[in-house]
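Written out below as structure tokens is the structure these notes cover.
The values are calculated or read from the model by the stated rules, or taken from the named source; none is laboratory data. Treat the numbers as computed from the prediction; the structure is a model and nothing was measured. Positions of Cβ are backbone-derived with ideal geometry, glycine not excepted, and every protein chain shown enters the neighbour counts. Please note that ligands, DNA and RNA were not included when accessible areas were found on the heavy atoms of the full protein model with its side chains. Shrake-Rupley method; radii C 1.70, N 1.55, O 1.52, S 1.80 Å.
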Amino acid sequence: SPARVLPALEVLGLGSTRISSRGVEALARALARGAMPRLVGLGLRSNDIDDEGVIALAESGMLGLAALRELFLCGNDRITCAGIDALAARLLGGSFPSLCWLDVPPLKSSAFHAACAARCVCVLDTLGPAHAPENPTAGSQQPATYE
């Protein structure tokens, strides 16, 4: 049953599934309630997520995603600098406390890269790790890939 499976889930790959921000907001509400406390990898690449979806996800990271180490959002062309900057603010506020790898659309945001550096979160780009901190979190040499 879902009540037994979801709490044990460690990886959720929803890449290229056409999930929208509305869908991500619903997912974020469930995650904030602790529906998947062991989730370490969340793949949301190449969907229809915008700033509101990113913000909802980042807010859920304050409550129910303590184990999340890898988050993939690249390929969501509706995410703007405003969404990335909001994500940066939540990272600095403690969202996603275990996060090591973050893949986002290639937007210019000094606030975002500064927040990631402060948290020792490696930002990925299409060529691999970019803006990697000098001392990344132990055990985070290479991220897995969750579509």
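Can you find even one residue in the range 82-96 that is open to solvent by less than 30 Å² (accessible area, probe 1.4 Å) and closer than 28 Å to ALA3 by Cβ?
yes
Of the conditions (1) within 14 Å of the chain's Cα centre (by Cα); (2) farther than 22 Å from ALA30 by Cα, SER98 clears all except one; give me its number.
Only one criterion is unmet by SER98, namely (2).
Which ones in the range 109-124 are open to solvent by 10 Å² or more (accessible area, probe 1.4 Å) and of a type outside the set (Gly, Ala, Ser)?
HIS113, ARG119, CYS120, LEU124
Could you identify the single residue in LEU107, LEU87, LEU42, LEU63 that is in contact (Cβ under 8 Å) with a residue 60 or more places away in the chain and of a type in the set (A, V, I, L, M)?
Working: LEU107 fails: in contact (Cβ under 8 Å) with a residue 60 or more places away in the chain; LEU87 fails: in contact (Cβ under 8 Å) with a residue 60 or more places away in the chain; LEU63 fails: in contact (Cβ under 8 Å) with a residue 60 or more places away in the chain.
Result of the check over LEU107, LEU87, LEU42, LEU63: LEU42.
Could you identify the single residue in ARG29, ARG22, ARG18, ARG4 that is in a helix (DSSP H, G or I), open to solvent by 60 Å² or more (accessible area, probe 1.4 Å) and under 19 Å from THR80 (Cα atoms)? Even if it seems obvious, please write down each step before you answer.
Details: ARG29 fails: under 19 Å from THR80 (Cα atoms); ARG18 fails: in a helix (DSSP H, G or I); ARG4 fails: under 19 Å from THR80 (Cα atoms).
Only one candidate qualifies: ARG22.
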